[in-house]
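Structure first, commentary second.
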């Protein structure tokens with residue numbers, strides 16, 4: 001049983017965070033000079049990152065819409081949700097099914113502040129300030145218990161977050177997935193993707209750079225085979241595990257990831 005993480009509620013503008021860097025890539029305003037400087041340095045080695053972030057956001061929107069329209073899902077638990085932006089999970093889901101319920105989880109205190117302000121008028125949506133690895137805390141939280149019925153199928157989202165945590169037998173990606181999916185009924189779903197690269201020099205540079213920039217609050221860039229292991233024991237739905245801009249695109253002219261220093265790789269699994 002993992003110990004719940006004690007989180008700071010203080011915002012340090014001098015230390016970049018993955019959530020605020022991602023916000024900047026998406027054109028948001030909830031970021032600081034330190035985040036923008038880190039983005040500038042990262043872009044020198046992996047210049048496709050802005051396109052990657054945009055394509056990842058579009059993937060999230062497509063997969064949520066698919067889960068609601070095609071598979072009848074009405075409950076979402078979004079781990080490492082990041083800062084609010086346009087077309088968040090609850091907006092996509094509730095546009096199709098107004099009764100859809102969403103619980104967001106993030107450890108960045110800025111996410112908590114902005115998320116609660118955005119959602120205070122929506123009683124079918126909540127934001128929890130917790131580490132995505134704190135499964136017991138997340139599932140026992142009053143807001144989770146209010147909104148999520150574990151006797152019914154749930155979609156758990158780990159969208160572009162597993163590269164933010166290091167490998168660990170107790171708190172690494174596979175351990176987290178196992179703890180979460182054990183609590184879900186068959187017919188639930190897991191959305192999972194993360195940054196991968198076939199190039200060892202890219203994996204090493206980005207992992208070292210992000211851990212230095214965030215003072216060790218990051219994990220690592222992995223390989224596609226690592227992501228494949230996340231889905232062991234699940235039925236991976238079509239088109240399988242792919243670079244996410246190619247996952248059920250809305251049209252043949254949808255934007256694609258054109259460079260390959262690194263990609264966002266993953267897909268959708270059904271829990272047996």
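Sort 224-232, 176-184 by packing, meaning the average of other beta carbons within 10 Å per residue, with the highest value first. Mind showing how you got there, number by number?
Numbers: 224-232: 16.1, 176-184: 18.4.
Order by mean packing, descending: 176-184, 224-232.
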Please find, in a Gaussian network model of the chain (springs between Cα atoms separated by less than 10 Å), the residue of 126, 13, 38 whose mean-square fluctuation is greatest.
13
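So how much slack lies between residue 143 and residue 232, counting 0.36 nm per residue of separation and subtracting their Cα-Cα distance, in nm?
Values: separation 89, 0.36 × 89 = 32.04 nm, distance 2.95 nm.
Separation in residues times 0.36 nm, less the Cα-Cα distance, equals 29.1 nm.
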Tell me, what is the percent relative contact order of region 134-192, built from C-alpha pairs under 8 Å that lie six or more residues apart?
47 percent
When the chain is treated as a Gaussian network with springs between alpha carbons less than 10 Å apart, the largest mean-square fluctuation among 94, 215, 174 is found at 215
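For the residues 66, 17, what sequence is obtained by ranking on other C-beta atoms within 10 Å, fewest first? Before the final figure, lay out the partial values.
Numbers: 66 20, 17 29.
So the residues, fewest neighbours to most, are 66, 17.
Neighbouring Cβ atoms within 10 Å as the yardstick, rank 29, 199 fewest first. Don't skip to the answer; put the middle values down first.
Values: 29 7, 199 14.
Least crowded to most crowded, the residues run 29, 199.
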Between residue 183 and residue 33, what is the spin-label point distance in nm, taking each point 7 Å from the Cα along the Cα→C-beta axis?
4.1 nm
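As a check on your grasp of the helix formula, calculate [θ] at 222 nm for the chain: sum -39500 (n - 2.57) over DSSP H runs of n ≥ 4, divide by the residue count, round to the nearest 500. Provide the component values of the computation, followed by the final result.
Details: 10 runs with 105 residues, N = 272.
Result for the chain: -11500 deg cm²/dmol, rounded to the nearest 500.
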Most mobile of 22, 32, 104 per a Gaussian network model of the chain (Cα springs, under 10 Å)?
32
How high is the relative contact order of the chain, in percent, counting Cα pairs under 8 Å that sit 6 or more residues apart?
20 percent
One finds the C-alpha centres of region 20-88 and region 113-146 to be spaced, in Å, by 19 Å
Do you know the relative contact order of region 171-272, to the nearest whole percent, from alpha carbon pairs under 8 angstrom that are 6+ apart?
42 percent
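Since every read-out is calculated from the coordinates, none of them should be taken as a lab result. Since the model is a prediction, treat every value here as computed from it, not as a measurement. With ideal geometry, Cβ positions are generated from the backbone for all residues, glycine too; neighbour counts draw on all protein chains shown.
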